[in-house]
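These notes concern the structure reproduced below.
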Amino acid sequence: MEFDSDGTPINELRIGTRAGDDATTVTDGRIYIFNNSGECVSVLSTDQNAEYTSAKLPAGTYSVYAVGGNDLNRFTLPNQTEATTTSWLTLEDGKVMDDLLLSNTTVTMEGEDKTLDIELNRKVMSVSSVTIKKVPTDVTAVEVMVSPLYSKVKIDGTFDTNDTGESYTFTLTKATDGTTWDYQTAKTLFPSKGEPTITITFKRGESNTTTYSYEAAGAFAANKRVKIEGTYTESQGVTLTGTLTSEAWGEESNVEFDFDNTNSSQQGNGNDDNNNNNNTPSGTPVAGETYLGCYVVSVDADAKTAVLLSPTEKKGYKNSTEATSALASWAVDGVAGTWRFPTLDEVKVFGSDTTVLELETGNQRIYFYEANSTVMNITIVKLATGGYKFKDETNMVSQTAYLRPVIDYTYE
């Protein structure tokens, strides 16, 4: 047995790292070992050929932080002098993001050698492809931007909630058919900070641009692959479907985005009928279809009124007071009037239409509605049979309730 200068026994700690899924190989690793005082006492390096690496340590309790990936030289990693348990990892300037996995644990050395196996967790996500179809032939460039994305992660695997975030723009390439634009190279990024906004830009020449934007209903989380597919239609603008797939990264889930002309803005002096925000609808509204870019919940043909559903929704209101305040300033381009909470029956109409709400089996979403002048919550659950169950009608506070207002619209 070895001893340090004051006679304390020194034992060997053998550390092995592996990814949380069997398909990933950690080819480059760093292991930071901190004592009880928070001092980094050792930094170890690993590669794909070394199953274990080791350090000689006196008796005591240690915090072990592991960082893994394919090429850690792409990231700013602290050296032993700089390292703390709250050190930040960022992408080096000019470098391309790659896989990044982190984990931490504690170990107590008590006079004997120990072996420690650490399972790493992925802290990045990947956009596998972006495709926009049926793009007008006069469009000269197409870009898709996702924001906000986290810009850094702590060595303990946590993200900064105060991070203002950054964006990433995909520049698409026109396919041989002349109307499909795509980006087919997988891109690794830090996950989104909350629900990201996806912005699609059509450019015509140097100064004429039309943009469509939408706030996604769910975050682009770490350890997920995102596939974004969109289709442009003259009447609805752009409809996007995004798929989150696992491919040995994590559980599979899906997310869907709808874009239409109420989400668009145009700059420049171009004149393109396909992209003008023409607020004069043709025909009359039909229940279950789209009118003025809004889903039609119901129609009263005799009174010539229709209940229209906002094309966008937001979540995170802590109580009905916050939701009511947000409702007061709700606006949708081209639809004049006062937006209101839906009734329970109206929620059940749009909440059971898969063109409006597409949930994975077992997933749920909570919406605000109003009954007898009281703001309530209703939970919508996707059943294994493919249908929807509505439950838990309550006026309890919900941190995750969605606001999706409706409007009583009079047409000619």
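The values are calculated or read from the model by the stated rules, or taken from the named source; none is laboratory data. Remember, predicted model here, so these are calculated numbers, not experimental data. Positions of Cβ are backbone-derived with ideal geometry, glycine not excepted, and every protein chain shown enters the neighbour counts. Side chains included, ligands, DNA and RNA excluded: accessible areas come from the protein's heavy atoms. Shrake-Rupley method; radii C 1.70, N 1.55, O 1.52, S 1.80 Å.
Miscellaneous remarks
- As a calculated quantity, the FRET efficiency between residue 56 and residue 185 at R0 = 35 Å, using C-beta atoms, amounts to about 0.20.
- Modelled spin labels at residue 138 and residue 37, positioned 7 Å past Cα toward Cβ, are 7.3 nm from each other.
- Once the chain from residue 412 to residue 70 is taken as fully extended at 0.36 nm per residue, the excess over their C-alpha distance is 116.9 nm.
- Computed with a 1.4 Å probe over protein heavy atoms only, the accessible surface of region 288-381 comes to 46 Å² per residue.
- Per-pair calculated FRET efficiency, R0 = 22 Å: residue 115 and residue 158 via Cβ, rounded to 0.05: 0.20
- In summary, the lysines within cross-link reach of residue 391, defined as a Cα separation below 16 angstrom excluding same-chain residues under 8 places away, comprise 348, 382.
- Reachable lysines from residue 224, criterion Cα separation under 16 angstrom, eight or more residues apart if same chain: 123, 187, 193
- Carbon and sulfur %, accessible surface of region 303-360 computed with the full protein complex present, 1.4 Å: 49 percent
- Ligands, DNA and RNA are left out, and with a 1.4 angstrom probe the accessible area of region 80-138 is 49 Å² per residue.
- For residue 328 and residue 176, a Förster radius of 56 Å and the Cβ-Cβ distance give a FRET efficiency of 0.65, rounded to the nearest 0.05.
- Region 128-171-region 308-346 distance, computed between alpha-carbon centres (Å): 27 Å
- Rounded accessible area of residue 97 (nearest 10 Å², 1.4 Å probe): 20 Å²
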